[in-house]
1. Restricting attention to segment 260-270, which residues are under 18 Å from residue 298 (Cβ atoms) and out of contact with any strand residue (DSSP E or B) (no Cβ under 8 Å at 6 or more places or on another chain)?
2. Can you name every one of the helices (runs of 4 or more DSSP H) wholly within segment 335-391 that holds 1 or more residues which are within 30 Å of residue 273 (Cβ to Cβ) and open to solvent by 70 Å² or more (accessible area, probe 1.4 Å)?
3. So, residue 148, is that one surrounded by fewer than 13 Cβ atoms within 10 Å (Cβ to Cβ), closer than 20 Å to residue 55 by Cβ and not β-branched (Val, Ile, Thr) or not?
4. Go through (1) away from the ligand (no atom under 16 Å from the Cβ); (2) surrounded by 19 or more Cβ atoms within 10 Å (Cβ to Cβ); (3) at pLDDT 95 or above for residue 565 and report which single condition fails.
5. Of the residues that make up segment 517-534, is at least one free of Cβ contacts under 8 Å to residues at least 24 places away in the same chain, open to solvent by 50 Å² or more (accessible area, probe 1.4 Å) and part of a helix (DSSP H, G or I)?
6. Which one of the conditions (1) open to solvent by 10 Å² or more (accessible area, probe 1.4 Å); (2) part of a strand (DSSP E or B); (3) within 13 Å of the ligand (Cβ to nearest atom) does residue 704 fail to meet, given that it meets all the rest?
7. So the check is Cβ under 6 Å with 6+ separation or different chains; which pairs have a first residue in segment 596-607 that's in a helix (DSSP H, G or I) and a second one that's of a type in the set (A, V, I, L, M, F, W, C) and buried (at least 22 other Cβ atoms within 10 Å of the Cβ)?
8. Does residue 723 satisfy being more than 13 Å from the ligand (Cβ to nearest atom), at pLDDT below 85 and either surrounded by 12 or more Cβ atoms within 10 Å (Cβ to Cβ) or within 60 Å of the chain's Cα centre (by Cα) (or both)?
Amino acid sequence: MPSLRPPSRRFPTHAFLALLGLGLALAFALGWMELTAEHNTATFRFALDGAVADVQAAVGEMHSLALSAAVTGEARAVAAYREQAASCLASAGTLRRVALQARGLASPDCLDRRLQAVLDLGDQAMQLTLAPGGSGPALALLQGQDARSARTELRDCLEQTRAGIRTAVLGLLASQDHHARLAVAAIGLGTLVLGVFASLVLRRAICATRENIAAREALSASERRFRDTFELAAVGIAHVGLDGQFLRVNPHFEQITGYTAEALLARTYTAITHPDDLGEDLDQVERLRAGAINSYTMDKRYVRKDGSLVWVSLTVTLLRDAAGTPLHYISVVSDISARKAAEAAARENAATVTALLDATSDRVFLADATGRILAANMAATQGLDLGPEVVAGRTFDTVFPPDLARSRLAHLNRALLLGRPVRFTDERAGILFDIIIAPLPAAPGTPGRAAVFARDVTEIIRAREAAEAANRAKSDFLANVSHELRTPLNGIMGMAQLLGTTPLEPGQVQCLDDLQSAAASLLVLVNDLLDLSKIESGRMELVAEPFVLSSIIQGVAATLEPLARDKGLALSARIGDEVPRLLVGDGDRLRQVLLNLVGNALKFTETGRVSVDVACARPCVLPGHGGLVTDVYFAVRDTGIGIAPEDQARIFESFTQVDASSTRRFGGTGLGLAISRRLVGLMGGEIGVESEPGKGSVFSFALRFTVGDDSLDEAATGRDRPS
Ligand code: ADP
């Protein structure tokens, strides 16, 4: 299966996280700074206020202790005073440091000097206190003007310090407010910038997400398509490892090979390849692997699971990775057994046709519309004194004399133009050729081709000409002899008739009857011979005169009625109402044919009946070339001895009788049907027979006549006519 590239646009995770981190860090830093500053300021202010209060409290305490020590005069009170004085000094030192730090001390020495002045007065008072009788002066000193002034100055100094500190702290607060505003502005600006960046990043992230979803959907749809293509392909597809092992096969491949997918995955392609095809397959794989070719296609056979062979058309490509390293082969296989079978059949057919054509003595070759010979059989190449390989590719003008080449090419193009075979005769080197050129089917857009069959008919034509000449001579002889025979025969019959009018002995009458009967038979024979010879020599001419069909039929029936009566047979004739009364044609020849057929029917029927049916095909009257025409159907039926199927064709030949003994039994010459067939043929019809031995026969034919003028009304009215 092919692998698809993952979506190219990635979610901007790093940028998103970096911005988020930056924003959080900024907010945190500013918040922390603000909080710290607030805290520091508050702490500072509280510390300063505390320090001033401490100093003030310490100074007050110190004064109280000094007064107490001065009143009591006790050393212990003096020590407490001094301890307090030291503490006060320390508090003042602290205040001084803090005030200096806050720049809230206008004059740093002021506090020290004022405090030192109060301490000095206190020390003096304590020294007085410790001296005997010094309590009073000490008290006076402590409560004196100097002491009050020193404390007042110290208090003022402390208040000044407190005010300075407050001012400094307020300045500090103002400065911090300013910084805070700057910080808020910075935060606002930062937030705005961050917001813009965040929205850009977010927009990109949304786009990337959408694209990723679309790409993933496209990828999965594409994978589904490829999977379906693989599974449902109408050709076999197999992925084959570099070691020849099947890796993956589709259902069609299983179908072709007859193995299941599991069975194939446990095999190599060489295991199911026919040994005769393996060499070429391996060679091609080697070339593919070496990069000499990108793919190869070959026809080969697989040995199916059931042992049968299947022909396939195999196309193999080699899949490589981006670095060109071979991964696996992709084999596409289609079942071409039917094609191979058709090719084998076509080869066999071609071989058969070639063998057949080579076996014939006729000269056969294929040529195209330009007269270029495409192929020739053995007889043709021998006739041209050229080998088959030399004939192919030559043109008519290089193998035939110029006139012959031109004529044959013209005939060939005529056959191609007409789309049907043309036949003609020509002569080359004293040999007469009966040539048939038959156009062959050609694919659209390709030059027309035709098969040329040339038969040497020199002998046949000469023999036919000789036979025709002999036949003509025979017919002439027969015509002459018949003619010459008829003259004395008429004389004999006339004399016999005259003799019959004279008185004769009873025995002589019988002899005369026999004589007249024999002479009549002879006259029939002579007339038949004369007719046959006339027909065969082409001298029989038909007339086209109006005749009444019913008269002809009635005449035939009347002529043969005595014979039927003698034999006890029923003779009937029926003319269909639709048949026109007056027809134009040769009524005498029609009568002759009907007399012959009805005569035969009576002759070869012992019991039963003979009937003549005349009908008209529908529609009865048709427009013809010279007016209206009608096709009239004649049938003569009998219930006689019938004719065996194998004899039915030959009874129409001259002098042919089914049974040689029939001449003795039934009389006749064997010419009647031959003459009838020829006469019907001359009139444009064809006589036929249906017969079953022992049951009877039907002789029938159809003739086309022009309809006489006065028949139309009667035919239209369908008047009944006697039969
Ligand atoms: P033939 O003079 O012998 O009748 P035809 O040519 O008329 O000569 O007939 C040829 C032969 O065909 C007859 O000898 C007979 O054997 C056979 N044949 C003709 N018509 C019939 C028929 N209606 N029934 C049986 N056989 C017939």
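The values are calculated or read from the model by the stated rules, or taken from the named source; none is laboratory data. As the structure is a computational prediction, the values presented were derived from the model and not from experiment. Every residue, glycine as well, gets a Cβ built from its backbone with ideal geometry; the counts of neighbours run over all protein chains shown. When the accessible area is computed, the model is the full protein with side chains, heavy atoms only, and any ligands, DNA or RNA have been set aside. Shrake-Rupley method; radii C 1.70, N 1.55, O 1.52, S 1.80 Å.
1. 270
2. In segment 335-391, 337-359 are the helices (runs of 4 or more DSSP H) which contain 1 or more residues that are within 30 Å of residue 273 (Cβ to Cβ) and open to solvent by 70 Å² or more (accessible area, probe 1.4 Å).
3. yes
4. (2)
5. Looking through segment 517-534, at least one residue is free of Cβ contacts under 8 Å to residues at least 24 places away in the same chain, open to solvent by 50 Å² or more (accessible area, probe 1.4 Å) and part of a helix (DSSP H, G or I).
6. Result: residue 704 fails condition (3) only.
7. Every condition considered, the pairs that remain are 597/636; 597/699; 598/556; 598/636; 601/610; 601/636; 602/610.
8. yes
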